[in-house]
1. For the stretch 3-77, which whole percent of the accessible surface, found with a 1.4 angstrom probe, sits on carbon and sulfur atoms?
2. Nearest 5 is fine: what % of DSSP beta bridges in the stretch 3-77 come out antiparallel, could you say?
3. According to the square roots a ≥ b ≥ c of the eigenvalues of the Cα gyration tensor, what is the shape class of the stretch 3-77, taking rounded for a/c under 1.5, prolate for a/b larger than b/c otherwise, and oblate for the remainder?
4. Would you mind computing, in nm to one decimal, how far apart the modelled labels at residue 65 and residue 15 are, each placed 7 Å from Cα along Cα→Cβ?
5. What does the accessible area per residue of the stretch 3-77 come to in Å², with a 1.4 Å probe and no ligands, DNA or RNA counted?
6. Under 17 Å Cα to Cα from residue 30, which lysines show up? Leave out anything in the same chain fewer than 8 places away.
7. Simple spin-label model, 7 Å along Cα-to-Cβ: residue 76 to residue 2 in nm?
8. If we sort 15-27, 56-68, 39-51 on the protection proxy, mean other Cβ atoms within 10 Å, highest first, what's the order?
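The values are calculated or read from the model by the stated rules, or taken from the named source; none is laboratory data. Since this is a predicted model, take the numbers as computed values, not measurements. Quick reminder, even Gly has a Cβ in these numbers, built from the backbone with ideal geometry, and neighbours come from all protein chains shown. Each accessible area value is taken on the protein alone, full model and side chains, heavy atoms only, with ligands, DNA and RNA left out. Shrake-Rupley method; radii C 1.70, N 1.55, O 1.52, S 1.80 Å.
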Amino acid sequence: ADIRLYTDGSGYKGKVGASAVMLKRNRPPKTLRYCLGTLCEHTVYNGEEVGVMLALELLRKERHLTGTISIGLDNTAVLQALPSHRTRPGYHLLQHI
């Protein structure tokens, strides 16, 4: 793809975070990251969802989007939940995506 984005969410030292990186040909990488809070308040799954949101935000900020775009994430549960309209905990994040 001409524009590649990679996302991740994870838990580390009792906190949950998310990040995204965008790679465009002949350009330095752009990144976003976000700390959601503690593992008592959030899940790693929520971090994965926020990672996708960060990737979409990187795309939204781009002035010239041409060519093909790919988004890579390592969480099958998020991919399977995206087309679903079932209400469940964390659904507000999927609605935003």
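1. That fraction is 54 percent.
2. 80
3. Working: a/c = 2.72, a/b = 2.24, b/c = 1.21.
Since a/c reaches 1.5 and a/b is larger than b/c, the shape of the stretch 3-77 is classed as prolate.
4. Using points 7 Å along Cα→Cβ, the separation is 3.0 nm.
5. Value returned for the stretch 3-77: 64 Å² of accessible area per residue.
6. 61
7. Placing both labels 7 Å along Cα→Cβ, they lie 3.3 nm apart.
8. 39-51, 15-27, 56-68
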